[in-house]
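K.L.:
Structure in structure tokens, see below.
Laboratory data are not the source of any read-out in this text; all were calculated from the coordinates shown. From a predicted model like this one, the values you see are computed outputs, not experimental measurements. Positions of Cβ are generated from backbone atoms using ideal geometry, with glycine treated the same way; all protein chains shown enter the neighbour counts.
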Amino acid sequence: MENVEITHVLSEVADLLEIQGANPFRVRAYRNAVQTIDGLTRPLAEMVGEGEDLTELPGIGKDIAGYIAELVHTGELRLLRSLEKEVPGTLADLLRLDGVGPKRAERLWHELGVESLDDLEEALDEGRVQALRGFGEKTAQRMRRSIDDFRRHAGRALISEADELVRPLLAHMADAPGIEVLEVAGSYRRRKETVGDLDLLAVCDESRPVMDHFTRYPDARRVESAGETRGTIVLRTGLHVDLRVVPRESYGAALHYFTGSKDHNVAIRRRGVERGLKINEYGVFKARKRGGPAKRTSGPSDRVAGATEAEVYEAVGLVWTPPELRENRGEIEAAEAGALPRLVELDDVRGDLQMHTTWSDGTASIREMAEACRELGYSYMAVTDHSKRVTVAGGMDEKRLEKQWAELDKARKQVTGIHMFAGMEVDILKDGSLDLDDEHLARLDVVLVSVHSHMDLPRATQTDRIVKAVSHPAVHILAHPTGRLINTREPCDLDLEEVLKAAKEHGVAVELNANPQRLDLSDLHVIRARELGVPVVVSTDAHRPDHLRFMRYGVDQARRGWLEKGDILNTRTLSDVRRWLRKA
DNA sequence: GCCGTTTTCGGCCCGACTGTTTTCAGTCG
Ligand SMILES: Nc1nc2c(ncn2[C@H]2C[C@H](O)[C@@H](COP(=O)(O)OP(=O)(O)OP(=O)(O)O)O2)c(=O)[nH]1
Ligand SMILES: [Mg+2]
Ligand SMILES: [Mg+2]
Ligand SMILES: [Zn+2]
């Protein structure tokens, strides 16, 4: 059983308990366990199999460790079975709707017999929801909209799609009257591969005019809310945008709050409580005994910090932490120990080791790609067109590859100042053998291997296939290892742990494909690659010159994976990379 | 349900917005 399956079960337990009205802290305990599991780089099944003590993981105690073991061994959880006898499991779906929480879900079920989205829609049509005490017409309307939005599965946007939406939004907000500072916070600032919404932070003296300007954004389909300090609009694409407006002295605390993640915030605030401090989006304050004046009326004398993010961290004995790490995956402990990594930066990248040209499915010539790489300041690049079996991409056979080498020689004379490695993205065939003969493999400077077909093989077969491929002595890099396309295609079912160990054994690097639809390996995967000592290559897989800019997304993901410059092969100098390629 | 250089019991992050409420619960960030 996969970790995601385990977290789904535990999340459903939390949802059903919450609908039942269980102790909210007990509900939270299940969700905390889910958060911990989400950040693991290894399968729980393996950890259980090796007899590891799961209660050493944060938020996992005796009970939940037992439930995990039960799930791993039997594939089922009796606790969930018995909960589902008391509350219909489908009720948890209702919680996905905006404006429907556990209390309303419970009442809809108990008082109207609603168990599913379809039931709710019917009850709305018949006017039964709005008749309920405390529900009213506006609440019903909101539920209707939520169901529509849910059915149109607006979902999460790629970080690259978010970039396209952010640009005009920032341009619009720059004209807001009296605005002093404007930042994008939330998952966008943490550079997550997808964002659920956009979170904007504004600093100004007077919030009203800024909020009004925000709600008049031309691309807004509707205004969801607009208060004194926060508001939400819905873009035509369906994506929500939250705006938070704060005074200057609160900038750091607000940016910290709005950047998140939620679990990072909660952990930081708990550290505050332990130190007699109250942390909110307005600042860090000396905690008051109960009974004191509430809310924002705390006098300025109570304020300890808040103007900058660094102040907030320092107030709880930590150093400023890069947003990419703020997932409550050990960054707080690292910050405390002074052991935060020195994260890789875009400027550290010296070359791009996967790209395509008109020799297969790229749209630009070798020369054009080389010029674009040189413009980015790279000292090397690899031309890695597809092999013959990838027919849809116009893959090359041995003969065409030799012709390409001749063309490469010409390009090397035309575009100087950048080294061009002769490479190929060689297809891994169904049986794990490679789509190019050994003689030509040996003559290439750099050999990438990757899967483009039979992505649905059973786990063990798929794993054996890829392990066999990386075991070939000519191979340097395993490209887009899981084959996922975010929001489109699930990753191959494979035992990545085995693949990484095989890569380590054979001196093969793994790719972090920087194409924003792939980002493959993911952040958690590269954490594991580093732990196992497998070098990572961040490559754009560019099919056009402008795709070379995807490097930014790859580096962002690498940073989320705690990688330093030294963990990444293509931050090394040309001569070091050459040496590395030859040793294989 | 989890957790502990203040605790093995008694806490658990903290605040904004809306609707229908006559004083705030519910939901969300
Ligand atoms: N302290 C605290 N902060 C929260 C809570 N919920 C959200 N936040 C903060 C941290 C989040 O990063 C930030 C923005 O909320 P979002 O719901 O947009 O989450 P985020 O952007 O992290 O992820 P997303 O991609 O939008 O799903 O607000 C909470 O319950 N407590
Ligand atoms: Mg967000
Ligand atoms: Mg948000
Ligand atoms: Zn490919």
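K.L.:
Taking only Cα atoms, what is the 0 to 90° angle, nearest 10, from helix A:366-375's long axis to the longest principal axis of chain A?
P.N.:
The angle comes out near 50 degrees.
K.L.:
Could you give the radius of gyration (one decimal) and Dmax (whole number) of the Cα atoms in chain A, in Å?
P.N.:
Rg and Dmax of chain A, Cα atoms, are 26.6, 83 Å.
K.L.:
Using a cut-off of under 16 Å, list every residue of segment A:1-45 whose amide N is near the label point 7 Å from the Cα of A:Thr90 along the Cα-to-beta-carbon line.
P.N.:
Nothing falls inside the zone, counting backbone N under 16 Å.
K.L.:
Let me ask something additional. Considering the zone a paramagnetic label at A:Asp546 would reach in this model (a point 7 Å from Cα along the Cα-to-Cβ line), which residues of segment A:176-217 have amide N under 14 Å from it?
P.N.:
none
K.L.:
So, one more: Can you say what percent of the DSSP beta bridges in chain A, counting only those with both residues inside, are antiparallel? Round to 5.
P.N.:
Bridges in chain A are about 45 percent antiparallel.
K.L.:
By how many nm would the segment from A:Leu485 to A:Ala310 grow when fully extended, if each residue of separation counts as 0.36 nm and the alpha-carbon distance is taken off?
P.N.:
Here the segment from A:Leu485 to A:Ala310 would lengthen by 59.3 nm.
K.L.:
How long is the gain from A:Glu439 to A:Arg248 if the chain were fully straight, where each residue apart is worth 0.36 nm and the alpha carbon distance is subtracted?
P.N.:
Length difference between fully extended and current span is 62.2 nm.
K.L.:
Further question on the same structure: Can you give the net charge of the other residues whose Cβ lies under 11 Å from the Cβ of A:Leu165, counting K and R as +1 and D and E as -1?
P.N.:
Summing Lys/Arg as +1 and Asp/Glu as -1 gives -3.
K.L.:
Let me ask something else. What whole-number distance in Å separates the alpha-carbon centres of segment A:110-175 and segment A:5-57?
P.N.:
First find each Cα centre; the distance between them is then 28 Å.
K.L.:
Hey, with R₀ at 60 Å, roughly what FRET efficiency would A:Lys103 and A:Asp361 work out to, going by the Cβ-Cβ distance, to 0.05?
P.N.:
Rounded to the nearest 0.05, the efficiency is 0.65.
K.L.:
What is the sum of charges, Lys and Arg at +1 and Asp and Glu at -1, for the other residues whose Cβ falls under 9 Å from the Cβ of A:Val538?
P.N.:
Neighbour charge sum, excluding A:Val538 itself: -2.
K.L.:
Of the listed pairs A:Lys62/A:Lys192; A:Lys501/A:Lys565; A:Lys410/A:Lys501, which have alpha-carbon separations greater than 30 Å here?
P.N.:
A:Lys62/A:Lys192; A:Lys410/A:Lys501, as the Cα separations exceed 30 Å there.
K.L.:
A further question follows. Would you please give the FRET efficiency between A:Glu46 and A:Asp397, computed as 1/(1 + (r/R0)^6) with r the Cβ-Cβ distance and R0 = 51 Å, to the nearest 0.05?
P.N.:
For A:Glu46 and A:Asp397, the calculated efficiency is 0.80.
K.L.:
Summing +1 for each Lys or Arg and -1 for each Asp or Glu, what net charge is found among the other residues whose Cβ lies under 11 Å from the Cβ of A:Glu224?
P.N.:
Charge balance in the 11 Å sphere: +1.
K.L.:
Can you spot the lysines whose alpha carbon is less than 20 Å from A:Lys413's alpha carbon? Ignore those fewer than 8 places along the same chain.
P.N.:
Qualifying lysines at Cα under 20 Å: A:Lys403.
K.L.:
With +1 on the Cβ of every Lys and Arg and -1 on the Cβ of every Asp and Glu, and nothing else charged, how large is the dipole of chain A about its Cα centre, in debye rounded to the nearest 20?
P.N.:
Result for chain A is approximately 1560 debye, rounded to the nearest 20.
K.L.:
Go ahead and run the numbers for FRET between A:Lys430 and A:Arg288, Cβ-Cβ distance against an R0 of 60 Å, rounding to 0.05.
P.N.:
0.35
K.L.:
What is the gain in length, in nm to one decimal, between A:Arg222 and A:Lys468 on full extension, counting 0.36 nm per residue of separation less the C-alpha to C-alpha distance?
P.N.:
So the extension gain works out to 83.2 nm.
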